[in-house]
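Asker: Below you'll find the structure I mean.
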């Protein structure tokens, strides 16, 4: 199940589902207050823009309310709401995307026929938590995440930044747990490649 | 184990889910291969860097659950809650 942080006592899922299906506004308000903060966070991390994130979450809750009778109850409410929000955020992103993505194949390590890396990796200058204390390094890392191809960036955001589990991420993105694992691995490797030039010379 | 095989197992290795039999091959490779040692360190640091860059805290894979429970998103602003409720009340 999703870790719904910052929520008071978690409301009873069965009662919420029943109220939602009945179209009860009070139940819907509870849903918004319970999950809205976390959904705004995921939208913000996909879109890197506060105003867009709020707009997306608003649209997502309205679509969820309209689609309430289609909620099957197989998934958790929180997973279902994540799915609607992530899809709305990705649609918004596609409509205004300006930064070119880097092809993933160019960013993952290459190997010689004997299985050794083709590249010799240089150690990074300073511990990453020290480097990230600088605002410009943090911005560089956010920009690098933004350069990952969408399918990889989304998995990295859900798994590594939002803390969803593999099965939850698979359900949100309508894919398999194994596909999530492979994409997460390639996303991390690609991000490492993008960070390396900055981190090798971080202290200079 | 080659560097390529080592790389394939990384995702499970950093989450502590790698089969102990594979760990038994993985770790000797790391001891022999300084290049892979640097790579594994940077793979972990990349995850931490991404988390720190978005304000999610530096927890390692294994400690992530507790850290994410502590990672409180701000609640929905009241005006946004009202805007949504008004929108759904329209016929």
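Asker: Residues in the stretch A:36-73 that are over 30 Å from residue A:141 (Cβ atoms) and surrounded by 24 or more Cβ atoms within 10 Å (Cβ to Cβ): how many?
Answerer: Final tally of qualifying residues: 2.
Asker: Can you name the condition, by its number, that residue B:63 falls short on among (1) surrounded by fewer than 18 Cβ atoms within 10 Å (Cβ to Cβ); (2) modelled with pLDDT of 95 or more?
Answerer: (2)
Asker: Look at residue A:94 and say whether it is within 16 Å of the chain's Cα centre (by Cα), more than 14 Å from chain B (Cβ to nearest Cβ) and closer than 21 Å to residue A:149 by Cβ.
Answerer: The answer is yes for residue A:94.
Asker: Please return the ranges of helices (runs of 4 or more DSSP H) entirely within the stretch A:70-171 where 3 or more residues are at pLDDT below 90.
Answerer: Counting at least 3 such residues, we get A:77-96.
Asker: What number of residues within the stretch B:1-18 are within 19 Å of the chain's Cα centre (by Cα) and more than 7 Å from every other protein chain (Cβ to nearest Cβ)?
Answerer: Summing the residues that are within 19 Å of the chain's Cα centre (by Cα) and more than 7 Å from every other protein chain (Cβ to nearest Cβ) in the stretch B:1-18 gives 10.
Asker: Moving to a separate point now. Under the condition of being surrounded by fewer than 24 Cβ atoms within 10 Å (Cβ to Cβ), without any contact (Cβ under 8 Å) to a residue 24 or more places away in the chain and closer than 23 Å to residue B:57 by Cα, which residue from the stretch A:155-179 is farthest from the chain's Cα centre (by Cα)?
Answerer: Among them, the one singled out is A:167.
Asker: Let me ask something else about it. How about the stretch B:11-57: which of its residues are assigned to a loop (DSSP other than H, G, I, E, B) and surrounded by 14 or more Cβ atoms within 10 Å (Cβ to Cβ)?
Answerer: Residues satisfying the conditions are B:15, B:18, B:33, B:54, B:56, B:57.
Asker: Hey, another quick one. Scan the stretch B:24-36 and give yes if some residue there is within 21 Å of the chain's Cα centre (by Cα), free of Cβ contacts under 8 Å to residues at least 40 places away in the same chain and at the interface with chain A (Cβ under 9 Å from one of its Cβ atoms), otherwise no.
Answerer: yes
The values are calculated or read from the model by the stated rules, or taken from the named source; none is laboratory data. Here the structure is a predicted model, which means the values were calculated and not measured. So basically every Cβ, Gly included, is an ideal-geometry build from the backbone, and we count neighbours across all protein chains shown.
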